[in-house]
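To start, the structure itself, in structure tokens.
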Amino acid sequence: MVEPRGTGRRRREDVSTTELLGGVEQRDLFLVDHDPSWVDQYAVHEACVRGALGDLAVAVEHIGSTSVPGLAAKPIIDVLVTVPDITAEEDYLEPLIACGYVLRVREPGHRLVRTEQRDVHIHLLEPDDVAAHDHLLLRDHLRVDPDDRHLYESTKRELLTHDWPDMNQYADAKTAVIEDIKGRARRSAHRRR
């Protein structure tokens, strides 16, 4: 075990498998036009998270399609919260559950809590996790690149013409286009340096 920076305690091993609490769910998947009120909805949950976690929340960011003006999205607010040690669940899960969030996913390096209404997903990662960086890279690129924003939206619309027995299968089906967009975003960021 490795001791996390500044905590004075030894880091535990993380989980090695994905646990989907409540099992597989089939949900109605649909897109709606961008709603400017999503920013306000995010702000409510950001305040909740910051109030519950204080300095333990290294960063709190609005991510996902609802964070990109002009992009149609499933009406689910995605929030990225980075915490110093994902294995120290007692530090962050209990305060978030006390705020009304429910644990949905426990997997290596990632936890997800959500509202009971399933309209807010809070992704918990460590600050140096590549996935945390990639969420912000994709969001920031889609905010400024209309061609990739259109590509991403049209891909989502096409995928929604299929029947998905599990929302995770729909998410997995977007992976190839997301990876292509992130590749362009990395090249664009490299050129700006």
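For this structure, a couple of remarks:
- Which numbered condition Leu21 fails, given (1) exposed (fewer than 12 other Cβ atoms within 10 Å of the Cβ); (2) more than 18 Å from the chain's Cα centre (by Cα); (3) at pLDDT below 95: (2)
- Evaluated against (1) modelled with pLDDT under 95; (2) in a helix (DSSP H, G or I); (3) charged (D, E, K, R), Asp55 falls short on exactly one condition, (1).
- Test result for Ala43, buried (at least 18 other Cβ atoms within 10 Å of the Cβ) and modelled with pLDDT of 95 or more: no
- Scanning segment 52-82 for residues that are without any contact (Cβ under 8 Å) to a residue 40 or more places away in the chain and over 16 Å from His121 (Cα atoms), we see that the one that is nearest to the chain's Cα centre (by Cα) is Leu56.
- Some residue of segment 164-172 being surrounded by 15 or more Cβ atoms within 10 Å (Cβ to Cβ), at pLDDT below 95 and more than 29 Å from Val83 (Cβ to Cβ): yes
- So Ile86, is it closer than 21 Å to Glu179 by Cα and buried (at least 20 other Cβ atoms within 10 Å of the Cβ): no
- When we screen Leu142, Leu159, Leu138, Leu93 for residues that are surrounded by 14 or more Cβ atoms within 10 Å (Cβ to Cβ), closer than 20 Å to His34 by Cα, without any contact (Cβ under 8 Å) to a residue 24 or more places away in the chain and not polar (S, T, N, Q), the only hit is Leu159.
- Within segment 164-193, residues that are under 18 Å from Leu136 (Cα atoms) reach partners that are among the hydroxyl-bearing types (Ser, Thr, Tyr) with beta carbons closer than 7 Å, at six or more positions or on different chains, in the pairs Lys174/Thr155; Val177/Tyr152; Val177/Thr155; Ile181/Tyr152.
- Out of Arg118, Arg106, sole residue that is surrounded by 18 or more Cβ atoms within 10 Å (Cβ to Cβ) and charged (D, E, K, R): Arg106
The values are calculated or read from the model by the stated rules, or taken from the named source; none is laboratory data. Computed from a predicted model, the values in this text were never measured in an experiment. We place every Cβ from the backbone using ideal geometry, glycine too, and count neighbours over all the protein chains shown.
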